[in-house]
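Remarks on the structure that follows.
The values are calculated or read from the model by the stated rules, or taken from the named source; none is laboratory data. A quick note: this is a predicted structure, and the numbers were derived from the prediction, not measured. With ideal geometry, Cβ positions are generated from the backbone for all residues, glycine too; neighbour counts draw on all protein chains shown. To get the accessible areas, we keep the full protein, side chains included, count just its heavy atoms, and leave off ligands, DNA and RNA. Shrake-Rupley method; radii C 1.70, N 1.55, O 1.52, S 1.80 Å.
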Amino acid sequence: MSRWEPDARGRMIRAAMDLFAERGFEQTTAGDIAERAGVTERTFFRHFADKREVLFDGAQVMEQVASTAILGAPPTAEPLDAALAGVVAAGALLEDRREHAVRRNRLIEANPGLRERELLKLAALAGATAGTLRERGVADQVADLAAHSAVTVFQVAVTRWVAEDEPPPLADCIADSAAVLRAL
């Protein structure tokens with residue numbers, strides 16, 4: 001095994017995605033992923049808690065990016081607008097990874113356990129968003145409603161973005177979904 005090849009994490013993610021597509025999620029082990037990526041199983045577990053986490057790599061980075069954007073929103077921004085600025089910024093991390101997002105979405109939709117994990121990650125994003133809104137001085141109930149609304153807008157927009165053959169940019173999908181929410 002070539003332990004010193006660069007980008008072990010990226011290689012493991014690519015290997016996992018390929019193996020999940022070839023064999024199925026349930027039939028793929030962490031050892032299989034490590035072998036395909038040219039690393040040891042121990043190296044795999046240094047990067048990921050389990051094979052499910054390969055699909056959710058970057059969730060904490062998305063939370064941080066969203067929080068930074070929310071804090072950077074104009075002080076006059078309404079709570080929902082600040083929260084939407086956060087999910088737009090988080091979505092920008094996905095923009096040039098659409099093929100990966102499409103493959104990831106297919107895997108998640110095909111596996112109830114992964115759908116559950118996806119919902120937990122979205123709940124964590126909503127929690128981080130609400131917490132950041134509170135840092136801006138937003139009242140608890142308003143922060144919770146704005147955060148959950150923005151994350152729902154994000155989820156609906158991403159679903160559209162990965163489903164269409166030639167979708168508009170993800171930021172436009174988010175803006176369209178937000179406009180629909182506001183029109184309700």
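If you average the sequence gap of Cα pairs under 8 Å that are 6 or more apart and divide by the length of segment 33-119, what percent do you get for the contact order?
On the way: 44 pairs, mean separation 18.2, N = 87.
Computed over segment 33-119, the figure is 21 percent.
Projecting the Cα atoms of Ile108, Ala82, Leu93 onto the charge dipole of segment 34-108 (Cβ charges, centred on the Cα centre) puts Ile108 farthest toward the positive pole. In order along segment 48-53, the Karplus-derived 3J(HN,Hα) couplings, from 6.51 cos²θ - 1.76 cosθ + 1.60 at θ = phi - 60°, round to 9, 5, 7, 5, 5, 5 Hz, and Gly and Pro are given as x. With the simple spin-label model, which puts each label point 7 Å out from Cα in the Cβ direction, the Ala163 to Arg134 separation comes to 3.4 nm.
Taking the chain as a Gaussian network of alpha-carbon nodes connected by springs under 10 Å, the highest mean-square fluctuation of the residues Gly38, Gly127, Gly86 belongs to Gly38. Using a simple spin-label model with pseudo-atoms 7 Å out from Cα toward Cβ, Glu26 and Thr68 lie 4.0 nm apart.
Ignoring the sites themselves, the chain has its longest run without trypsin sites (Lys or Arg not before Pro) in a DSSP loop having at most 16 other Cβ atoms within 10 Å at 4-135.
Val88 sits with roughly 60 Å² accessible to a 1.4 Å probe, with DNA, RNA and ligands left out of the calculation. With the Kirkwood sum run over all distinct C-alpha pairs, segment 40-131 has a hydrodynamic radius of 14.5 Å.
Would you mind calculating the relative contact order of the chain from Cα pairs under 8 angstrom and at least 6 residues apart, reporting the percent as a whole number?
On the way: 189 pairs, mean separation 34.5, N = 184.
This gives 19 percent for the chain.
First measure r as the distance between the Cβ atoms of Arg182 and Leu119, then evaluate 1/(1 + (r/R0)^6) with R0 = 22 Å and state the FRET efficiency to the nearest 0.05. Kindly include the intermediate steps, with their values, before the conclusion.
Numbers: r = 24 Å, r/R0 = 1.10.
Calculated value: 0.35.
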